[in-house]
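The values are calculated or read from the model by the stated rules, or taken from the named source; none is laboratory data. Everything numeric here is computed off the predicted structure, so don't read it as measured data. Positions of Cβ are generated from backbone atoms using ideal geometry, with glycine treated the same way; all protein chains shown enter the neighbour counts.
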Ligand code: GLU
């Protein structure tokens, strides 16, 4: 019987989720949704030494911001995600809450001869390691050494039973076969073979904290949660032989998931893995959301840098996957349609921060001016501008109607990459200039030009009716041309008066937005400040 597709994203809450981690979650989500399957969020928190407070909430908030909603798992309040049926056959989803489940599986492996109890203390192992190192060798706990160490394979049964009973620092280790070719298939890398003789006897369960290690918990949970595909980072590829052998040891081969290991995200120069530190060093975020570490160190986030979640998701999807054609812009739903594991690249995907900005610019261009006005209002308020309903404008009082903001945004959205750019591009549409860029004034504010500009301004000020861009432009052009005035010089002069600089929108756009009264006031102020 065809099994329902069930994939999982299984982060460890050891810190904020790096953008590579979000990409792993995204690919899992796309894979599941395309097949009408389930996307499970499982928190792998069995390593208490590496637990970082706030990391779990961060991971969930980051996924929520991206629109990646788990069908099962832990929600933002730390509760089990509510499901339509109300039933949770696979809960809990936090491994620390599944603690009692794992021991029986570890014991089962020992009973069946696939694992053994190891009694070597941490000190004994450290001493062995040091001894081997001194000889220029590396210690590895496996078929080559286990016969000489203190474990249930070497100690008499009675002694073993006593140690199990009386001591608490023993572990269960996997008995890695001495010489087995493990044959594996990866959905991205194809067929892979590894000789088990080079691998070590990994610890699966620890008596000290009665917790499983990653390997045991991961396999047991993927089995119990009926996971059909495991899509994860390539750092887990070396663990794949062990995972294959664990499925075999449990007798779960028939329902063993298929595996796909994703290549790394690389630094912009392609040299090495994109690390958590790179962003701060190179001036771009590597985290979806801003993160403050328990020590108070702040790392920037895409959200706080002004990225739209749609742009972030889109750019992440394209890092290591392509649709097979030239298309670059995809909504999450379109990605669900277009995604395919066989177009994931095997090599590392180089991150290009400029391309990331390009995505945001494209999304900004496509956003409606209404939405953008809503996005811009908090920034305006921070700058001391009040926004009310309607399309009023009060430059003296610093108060503008939402409709006015919408009109401004519609005019400038093509020029911006982020909403936060709007203020730099168009602050003069909210605040009258009182200062003028010195070098622009030196260049354009010359008596021969200002005389013409004032005459034109007087004509404009007296123009009948409501100012509309097209008729305004035609009238002004006609006025200048019929007098054979130097168009550029006159316009730059006027722009200096309206903007405070020689760059900015066209005169007609500015004048029609700010209106007659403000237009006249700005020209007068420039004349008073800079002289005629
Ligand atoms: N907890 C592991 C991690 O943090 C999950 C690896 C896996 O998906 O199997 O990456």
Q. Take the residues of the stretch 24-55 that are more than 12 Å from the ligand (Cβ to nearest atom), in a helix (DSSP H, G or I) and out of contact with any strand residue (DSSP E or B) (no Cβ under 6 Å at 6 or more places or on another chain): which is modelled with the lowest pLDDT?
A. 48
(Q) Restricting to the stretch 57-69, give me the number of residues that are crowded, with 19+ Cβ neighbours inside 10 Å, assigned to a helix (DSSP H, G or I) and either over 21 Å from the mean Cα position of the chain (by Cα) or in contact (Cβ under 8 Å) with a residue 40 or more places away in the chain (or both). (A) 5
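Okay, residues lined up against (1) modelled with pLDDT under 95; (2) within 18 Å of residue 106 (Cα to Cα); (3) exposed (fewer than 13 other Cβ atoms within 10 Å of the Cβ):
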position	(1), (2), (3)
137	yes, no, yes
145	no, no, no
154	no, no, no
161	no, yes, no
170	no, yes, no
173	no, yes, no
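Hand me the list of strands (runs of 3 or more DSSP E) wholly inside the stretch 133-203 holding 2 or more residues that are in contact with a helix residue (DSSP H, G or I) (Cβ under 6 Å, 6 or more places away or on another chain).
On the way: elements: 171-174, 181-186, 190-195.
Because the criterion is at least 2 residues that are in contact with a helix residue (DSSP H, G or I) (Cβ under 6 Å, 6 or more places away or on another chain), the strands (runs of 3 or more DSSP E) in the stretch 133-203 that meet it are 181-186.
Regarding residue 192, is this residue surrounded by fewer than 18 Cβ atoms within 10 Å (Cβ to Cβ) and at pLDDT 95 or above?
Working: surrounded by fewer than 18 Cβ atoms within 10 Å (Cβ to Cβ): yes; at pLDDT 95 or above: yes.
Yes; evaluated as a whole, the condition is true for this residue.
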Q. Any chance the stretch 60-70 includes a residue that's within 15 Å of the ligand (Cβ to nearest atom), closer than 30 Å to residue 153 by Cβ and touching a helix residue (DSSP H, G or I) at 6+ places or on another chain (Cβ under 9 Å)?
A. no
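Answer yes or no: is there a residue in the stretch 98-113 that is within 14 Å of the ligand (Cβ to nearest atom) and either over 28 Å from residue 279 (Cβ atoms) or at pLDDT 95 or above (or both). Show your work before the answer.
First, pick out the residues of the stretch 98-113 that are within 14 Å of the ligand (Cβ to nearest atom): 98.
Still in the list and also either over 28 Å from residue 279 (Cβ atoms) or at pLDDT 95 or above (or both): 98.
Yes, the conditions are met somewhere in the stretch 98-113.
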Q. For the stretch 280-312, what are the residues that are in contact with a helix residue (DSSP H, G or I) (Cβ under 9 Å, 6 or more places away or on another chain), over 22 Å from residue 376 (Cβ atoms) and surrounded by 14 or more Cβ atoms within 10 Å (Cβ to Cβ)?
A. 282, 284, 286, 287, 288, 291, 299
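I'd like to check which helices (runs of 4 or more DSSP H) are fully inside the stretch 320-398 and have at least 2 residues that are modelled with pLDDT of 95 or more and within 20 Å of the chain's Cα centre (by Cα).
Values: elements: 332-338, 353-366, 369-382.
The qualifying helices (runs of 4 or more DSSP H) are 332-338, 353-366.
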**Q.** Complete set of residues in the stretch 219-230 that are under 12 Å from residue 255 (Cβ atoms) and in a helix (DSSP H, G or I)
**A.** 219, 222, 223, 224
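Give the stretch 429-451 a look and list any residue that's assigned to a helix (DSSP H, G or I) and closer than 14 Å to residue 526 by Cα, or say none.
Of everything in the stretch 429-451, those that are assigned to a helix (DSSP H, G or I) and closer than 14 Å to residue 526 by Cα turn out to be 438, 440, 441, 442, 444, 447, 449, 450, 451.
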(Q) For the condition crowded, with 21+ Cβ neighbours inside 10 Å and either without any contact (Cβ under 8 Å) to a residue 12 or more places away in the chain or out of contact with any helix residue (DSSP H, G or I) (no Cβ under 6 Å at 6 or more places or on another chain) (or both), what is the one hit in 110, 83, 74? (A) 74
**Q.** Evaluation of residue 271 against (1) away from the ligand (no atom under 12 Å from the Cβ); (2) surrounded by fewer than 18 Cβ atoms within 10 Å (Cβ to Cβ); (3) in contact (Cβ under 8 Å) with a residue 12 or more places away in the chain (one fails), failing number
**A.** (3)
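Kindly establish whether residue 510 is closer than 30 Å to residue 403 by Cβ, out of contact with any strand residue (DSSP E or B) (no Cβ under 8 Å at 6 or more places or on another chain) and crowded, with 21+ Cβ neighbours inside 10 Å.
Numbers: closer than 30 Å to residue 403 by Cβ: yes; out of contact with any strand residue (DSSP E or B) (no Cβ under 8 Å at 6 or more places or on another chain): yes; crowded, with 21+ Cβ neighbours inside 10 Å: yes.
Spelling it out, residue 510 is indeed closer than 30 Å to residue 403 by Cβ, out of contact with any strand residue (DSSP E or B) (no Cβ under 8 Å at 6 or more places or on another chain) and crowded, with 21+ Cβ neighbours inside 10 Å.
Does the stretch 207-218 contain any residue that is near the ligand (Cβ under 10 Å from one of its atoms), crowded, with 21+ Cβ neighbours inside 10 Å and in a strand (DSSP E or B)?
Restricting attention to the stretch 207-218, the residues satisfying the condition of being near the ligand (Cβ under 10 Å from one of its atoms) are 214-215, 217-218.
Narrowing further to those that are crowded, with 21+ Cβ neighbours inside 10 Å: 217-218.
Okay, now just the ones that are also in a strand (DSSP E or B), so none.
No.
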Q.
Is it the case, given these coordinates, that residue 11 is near the ligand (Cβ under 10 Å from one of its atoms) and closer than 21 Å to residue 277 by Cβ?
A. yes
Q: Output the qualifying pairs, or none if there are none: Cβ atoms under 7 angstrom, residues six or more apart or on different chains, first residue in the stretch 195-224 and at positive phi and touching a residue at least 24 places away in the same chain (Cβ under 8 Å), second residue away from the ligand (no atom under 12 Å from the Cβ) and part of a helix (DSSP H, G or I).
A: 210/99; 210/103
**Q.** Residues (closer than 20 Å to residue 196 by Cβ, more than 9 Å from the ligand (Cβ to nearest atom), part of a helix (DSSP H, G or I) and without any contact (Cβ under 8 Å) to a residue 60 or more places away in the chain) located in the stretch 235-255
**A.** 237, 238, 240, 241, 247, 248, 253
